[in-house]
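Here, each number is a calculation from the coordinates, and none is a lab measurement. Only a predicted model underlies this, so the values are computations on that prediction, with no experimental measurement involved. Every residue, glycine as well, gets a Cβ built from its backbone with ideal geometry; the counts of neighbours run over all protein chains shown.
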Amino acid sequence: MVTLRIDGQEVKAREGSTVLEAAQEAGIYIPALCHHESVSPYGACRLCSVEVLRGGRSRVVAACLYPVEEGLEVWTNTERIIEIRRTLMELLLARCPGVKAIQELARQLGVEKTELSQEAEDCILCALCVRVCEEVVGLSALSLVNRGTKRRVATPFFEEPGNCIGCGSCAYICPTGAISMEDVGDTRIIRRWGGEARFKLKKCKVCGYYFAPEIQLEYIRKKAGLPEDYFDVCPNCRE
Amino acid sequence: MKLKSAKELEELRSRIIKERDPQKPSIAVCSGTGCHAWGCAEVTAAFKEELQRQGLDGQVTVKTTGCHGFCERGPLVVIYPQRIFYQRVKPQDVPEIVSKTILQNELIDRLLYTDPSTGQKIAYEHEVPFYKRQKRLVFGSNGLIDPQSIEDYFAIGGYAALAKALFELTSEQVLDEVKRSGLRGRGGGGFPTGRKWETCRNAPGEVKYVICNCDEGDPGAYMDRSLMEGNPHLVLEGMVIGAYAIGAHEGYIYVRNEYPLAVRNAQRAIEQAEEYGLLGEDILGSGFDFSVRINRGGGAFVCGESTALMASLEGRPGEPRAKYIHTAEKGLWNRPTNLNNVETWANVPGIILKGADWYRGLGTEGSKGTKIFSLVGKVNNTGLVEVPMGMTLREIIFDIGGGIRGGRKFKAVQTGGPSGGVIPEEFLDLPVDFDELTKVGSMMGSGGMIVMDEKTCMVDVARYFLGFLEEESCGKCVPCREGIKHMREILTRICEGRGKESDLELLERLSATLADASLCALGSTAPNPVLTTLHYFRDEYEAHIKEKRCPAGVCKELINYYVIEEKCPGCGLCVKNCPTEAIIFKGKKKPVEIDYGKCIKCGTCYDVCRLGAIEVR
């Protein structure tokens with residue numbers, strides 16, 4: 001364990017963990033949009049910027065990536081940091097003016113409006129969907145393509161992804177609702193990537209509830225080496 | 001033939017030198033990228049043909065060399081042993097050069113360089129003012145060797161530094177020498193090279209890598225390219241020495257595929273070095289192994305950033321990652337990796353051969369040695385110049401660069417590439433080194449130096465660089481991707497006369513966030529052109545915003561071209577050159593008229609008029 005100070009408060013953290021993790025453990029709030037505990041840190045939104053003091057010198061770093069170290073002094077709410085977060089929220093608000101989650105976080109950080117030119121995007125390119133599909137699901141049905149302002153999330157060749165199992169992890173993790181998912185009768189619909197993808201759902205033999213996409217269950221079954229009839233019954237009825 | 005010891009290398013070197021008659025006439029045709037654009041390949045072919053025709057092909061050598069640096073006057077030809085300097089040589093000049101200069105030792109007046117300040121013709125390369133003021137430690141050998149010939153490199157002492165490092169020094173001593181030399185990274189950051197090596201050397205791990213960064217992509221900069229094209233063995237030798245000091249056995253040269261000549265010459269150099277046992281297993285019989293591979297980049301500017309370069313080398317998209325843990329500890333494939341720029345590597349053999357004390361004797365307190373600059377823009381002598389650290393901007397731009405083109409007035413110089421700063425006239429006497437440039441808001445960067453005259457609009461310049469960076473941003477982090485875009489938009493509207501007074505404060509606010517919060521240096525330094533022009537030329541921004549006026553006469557929306565009737569004799573030159581037929585000829589001795597409905601404000605009339613009868617305001 002290492003000991004550091006965050007906003008004057010002494011915090012103990014696991015060696016190899018990040019400042020953001022240490023702050024979260026200690027109940028100190030640092031805003032972040034591209035961070036999620038189930039995927040590796042990325043450092044794209046920069047909202048978790050904090051000031052660290054080392055050897056008398058102050059430096060702005062991304063808390064989600066900065067490793068804790070003994071004696072480190074961290075300040076999460078200095079004037080400089082507040083100004084950075086506000087400007088970042090202004091940039092995001094200009095990109096996604098219609099997104100509720102962005103509007104709310106902006107308001108929370110003291111940004112009501114922006115004089116920057118506005119777009120009508122709903123994706124902030126945090127890449128959580130891309131990372132969860134790669135790191136957790138293990139499929140990489142999505143990827144980031146192009147560079148700079150032309151960057152976007154896309155499926156291979158902008159077509160319906162051949163290897164997507166309709167698990168919905170991307171929709172679940174998306175902080176802006178840019179990816180949406182809906183189960184209608186025996187069909188799951190995931191909307192994004194310039195269109196929608198439909199998946200046939202499996203019906204539980206016991207309760208009759210459509211509980212998950214058939215190809216997702218097949219993927220899990222094969223990966224875990226489960227018997228062929230394992231998913232004939234939904235997890236609730238299996239108990 | 002694999003060389004098995006330092007002695008065998010020295011024997012080979014003596015043999016090569018002995019076989020070469022220093023008095024034998026040798027024609028060196030610069031075949032760098034600039035001279036290629038001037039048509040040097042045809043000149044070389046003409047020499048070979050003419051020598052054969054006159055039956056001289058055995059008695060005179062024709063050498064295609066790397067870039068000499070004076071690109072402005074290409075194609076360049078230097079005739080040894082006298083070092084006669086001919087410029088702007090055309091294939092038609094070749095028979096005369098052979099008949100007169102080679103055979104009769106006679107100078108051809110029209111091919112000599114004229115010093116514009118004295119009007120004097122200059123016969124010898126070393127007397128040309130452009131070269132005279134330089135100190136070409138690294139770049140000087142370019143003109144002496146054929147970059148595709150390792151024998152040429154041996155003949156000028158090549159690989160002697162490597163032999164010294166391997167047999168006379170321990171790896172600690174090599175490291176110590178580089179540390180003591182004060183060499184700082186030439187790629188941009190100016191990090192002490194020895195310290196980086198030391199971190200990498202001490203980092204735990206069996207496998208370590210060294211990388212040569214040849215991804216230079218700044219608009220107007222081409223010194224790394226020219227070194228790699230013109231003297232690849234010098235870079236390779238530096239890399240082997242570095243690898244020995246660090247304890248690395250594998251190296252990569254990351255070079256953009258847009259530099260085909262650099263790729264080819266580096267590849268050839270690796271093959272030759274392997275053939276002679278200077279790369280590969282048991283180098284010179286020392287027991288030290290090191291191999292180098294070339295990795296061709298796709299030409300993204302951001303791949304010059306070390307972590308993005310390593311991601312690209314690993315086969316992933318070239319996007320940077322945080323460097324809170326240095327790449328010297330966890331770099332390529334998470335292993336300790338030492339990355340240096342081409343010019344940094346090329347400095348190493350000299351330091352090892354002549355010692356750290358000699359090297360420390362050059363330059364300033366905090367910046368040792370020399371630096372190669374790519375001197376471009378509105379300067380008379382564009383080209384590559386190598387000067388000791390600490391030379392003033394004035395000396396570089398006026399004494400070496402020959403001052404401003406067309407007799408115009410100097411306005412500013414932008415150093416350090418697209419994310420460097422713009423430095424105004426008041427700092428012309430600034431000694432150029434890493435720290436001094438940073439003090440005035442710019443940076444050394446990789447050594448780009450773009451000279452601007454009074455006809456350059458500072459708002460437009462800032463807009464141009466931000467536009468470049470917007471296109472080259474990888475788009476990963478919000479401040480860089482979104483921030484640069486908005487800053488470019490604001491600058492564009494100021495240039496178009498739609499700026500608001502609050503825009504300047506907005507630019508400053510965005511700049512602060514970009515500088516503080518960006519993931520990598522592309523974003524954090526992107527505001528530099530804006531901040532420095534705002535600081536030094538605020539009145540120009542204000543003129544655009546408040547008076548809707550572009551003082552330099554550049555921003556099209558804010559200017560018009562006018563005919564000064566008293567000065568216009570109706571010669572019709574502008575009429576002939578106008579691309580949109582917007583100038584109406586009114587008869588001889590009558591001033592022309594501009595049809596503003598057709599005028600696209602391209603400025604051609606202004607440029608072609610010899611009488612100053614066209615005005616822009």
Rank by packing, highest mean first: peptides B:180-190, B:476-486, with packing defined as the count of other Cβ atoms within 10 Å averaged across residues. B:476-486, B:180-190
So for B:339, A:125, B:56, fewest C-beta neighbours within 10 Å to most, what's the order? B:56, A:125, B:339
Region B:492-523 and region B:281-305: distance between their alpha carbon centers, rounded to Å: 39 Å
Please report the spacing between the Cα centers of region B:198-258 and region B:344-394 in Å, no decimals. 18 Å
Counting only residues 5 or more places away or on other chains, whose amide H sits under 5 Å from the amide H of residue B:411 once H atoms are built in the peptide plane? B:452, B:453, B:454
Tell me the GluC sites (Glu not before Pro) within region B:31-112 that lie in a loop according to DSSP and have at most 10 other beta-carbon atoms within 10 Å. none
Straight-distance crosslink candidates among aspartates and glutamates, where the alpha carbon sits under 19 Å from residue B:121 and sequence neighbours closer than 8 are dropped: B:72, B:93, B:96, B:106, B:109, B:399
What aspartates and glutamates could a cross-link reach from residue A:200, if we take a straight Cα to Cα line under 17 Å and drop same-chain neighbours fewer than 8 places away? A:160, A:182, A:183, A:186, A:214, A:218, A:232
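Would you mind working out the magnitude of the charge dipole of region A:1-65 relative to its Cα centre, with +1 at each Lys and Arg C-beta and -1 at each Asp and Glu C-beta, to the nearest 20 Debye?
280 debye
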Along Cα→Cβ, 7 Å out, is where each label goes; now give me the distance between the ones at residue B:505 and residue A:70 in nm to one decimal. 4.8 nm
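Using the structure shown, list the pairs from B:378/B:590; B:18/B:196; B:409/B:556; B:132/B:323; B:409/B:548; B:323/B:368 with a Cα-Cα distance above 30 Å, or answer none.
B:378/B:590; B:18/B:196; B:132/B:323, as the Cα separations exceed 30 Å there.
Let me spell out the model: positive unit charges on the Cβ of Lys and Arg, negative unit charges on the Cβ of Asp and Glu, origin at the Cα centre of the protein assembly as shown. What dipole size does that give, in debye rounded to 20?
1380 debye
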Which whole-Hz ³J(HN,Hα) couplings does region B:225-241 yield from phi under the Karplus relation 6.51 cos²θ - 1.76 cosθ + 1.60, θ = phi - 60°, glycine and proline marked x? 4, 5, 5, 5, 6, x, 8, x, 5, 4, 5, 4, 4, x, 5, 5, 5
Once amide H atoms are built 1.01 Å from N in the peptide plane, which residues 5 or more positions from residue A:202, or in another chain, come under 5 Å H to H? A:211, A:212, A:214
With the Cα gyration tensor of the protein assembly as shown giving a ≥ b ≥ c as the square roots of its eigenvalues, does the rule (a/c under 1.5 for rounded; else a/b larger than b/c for prolate; else oblate) give rounded, prolate or oblate? oblate
Could you name the aspartates and glutamates whose alpha carbon sits less than 19 Å from that of residue A:150, not counting residues in the same chain fewer than 8 places away? A:119, A:121, A:122, A:159, B:319, B:470, B:471, B:472, B:482, B:489
One finds the C-alpha centres of region B:548-567 and region B:570-590 to be spaced, in Å, by 18 Å
Please state, to two decimals, what the Cα-based radius of gyration of chain A comes to when divided by 2.2 N^0.38 Å (N = residues). 1.20
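Please rank B:101, B:525, B:61, B:170, fewest neighbouring Cβ atoms within 10 Å first, as an exposure proxy.
On the way: B:101 20, B:525 23, B:61 16, B:170 12.
Final ranking by Cβ density, sparse to dense: B:170, B:61, B:101, B:525.
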What fraction of the DSSP beta bridges in chain B is antiparallel, stated in percent and rounded to the nearest 5? 55 percent
Could you tell me which trypsin sites (Lys or Arg not before Pro) in region A:153-229 are loop residues by DSSP with no more than 15 other beta carbons within 10 angstrom of their beta carbon? A:205
Answer with one residue from B:158, B:214, B:570: the one whose Cα lies farthest towards the positive end of the charge dipole of chain B, charges on Cβ with Lys, Arg +1 and Asp, Glu -1. B:570
Between 0 and 90°, nearest 10: helix A:214-224 axis offset from chain A longest Cα axis: 70 degrees
In terms of the charge dipole of the protein assembly as shown, which places +1 on Lys and Arg and -1 on Asp and Glu at the beta carbon, the residue among B:75, B:299, B:554 farthest towards the positive end is B:554
Based solely on C-alpha atoms, express the radius of gyration and the Dmax of region B:167-290 in angstrom. 14.8, 44
Relative contact order (%) - criterion: Cα under 8 Å, at least six apart; region: chain A: 12 percent
Enumerate the calculated ³J(HN,Hα) couplings along region B:18-34 in order (Karplus 6.51 cos²θ - 1.76 cosθ + 1.60, θ = phi - 60°), each rounded to whole Hz, writing x wherever the residue is Gly or Pro. 5, 5, 9, 8, x, 8, 5, x, 9, 9, 9, 9, 5, 10, x, 4, x
Would you calculate the convex hull of the Cα atoms in region A:128-238 and tell me its volume per residue in Å³? 107 Å³
What number comes out for the charge environment of residue A:27, summing +1 per Lys or Arg and -1 per Asp or Glu over other residues with Cβ under 14 Å away? -3
Candidates per GluC sites (Glu not before Pro) in region A:38-102, loop by DSSP, up to 14 other Cβ within 10 Å: A:70
A correct fewest-to-most ranking of B:533, B:193, A:155 by other Cβ atoms within 10 Å would be A:155, B:193, B:533
In the neighborhood of residue B:544, defined by Cβ-to-Cβ distances under 12 Å, what is the net charge if each Lys or Arg adds +1 and each Asp or Glu adds -1? -1
Excluding residue B:423 itself, calculate the net charge of residues whose Cβ lies under 12 Å from the Cβ of residue B:423, where each Lys or Arg counts +1 and each Asp or Glu counts -1. -1
Flagged as over-length at 18 Å C-alpha distance, from B:439/B:485; B:567/B:598; B:48/B:100; B:455/B:567; B:208/B:371; B:485/B:546, the pairs are B:439/B:485; B:567/B:598; B:455/B:567; B:208/B:371; B:485/B:546
Shape call for chain B from the C-alpha gyration tensor, a ≥ b ≥ c root eigenvalues: rounded (a/c under 1.5), prolate (a/b greater than b/c) or oblate? oblate
Once you average over the residues of B:484-492, how many Cβ atoms of partner chains fall within 10 Å of each Cβ? 3
Let me know the charge dipole size of chain A about its Cα centre in debye, to the nearest 20, where only the beta-carbon of Lys, Arg (+1) and Asp, Glu (-1) is charged. 420 debye
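So what is the relative contact order for chain B, in percent, with contacts set as C-alpha pairs under 8 Å and at least six apart? It would help to have the intermediate numbers written out before the result.
On the way: 1310 pairs, mean separation 71.0, N = 617.
Value for chain B: 12 percent.
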Along the Cα→Cβ direction, 7 angstrom out, place labels at residue B:365 and residue A:120. What is the inter-label distance in nm? 6.0 nm
Per residue of region A:225-236, in order, report the coupling 6.51 cos²θ - 1.76 cosθ + 1.60 (Karplus, θ = phi - 60°) as ³J(HN,Hα) in whole Hz, putting x for Gly and Pro. x, 8, x, 4, 8, 4, 9, 5, 10, 6, x, 5
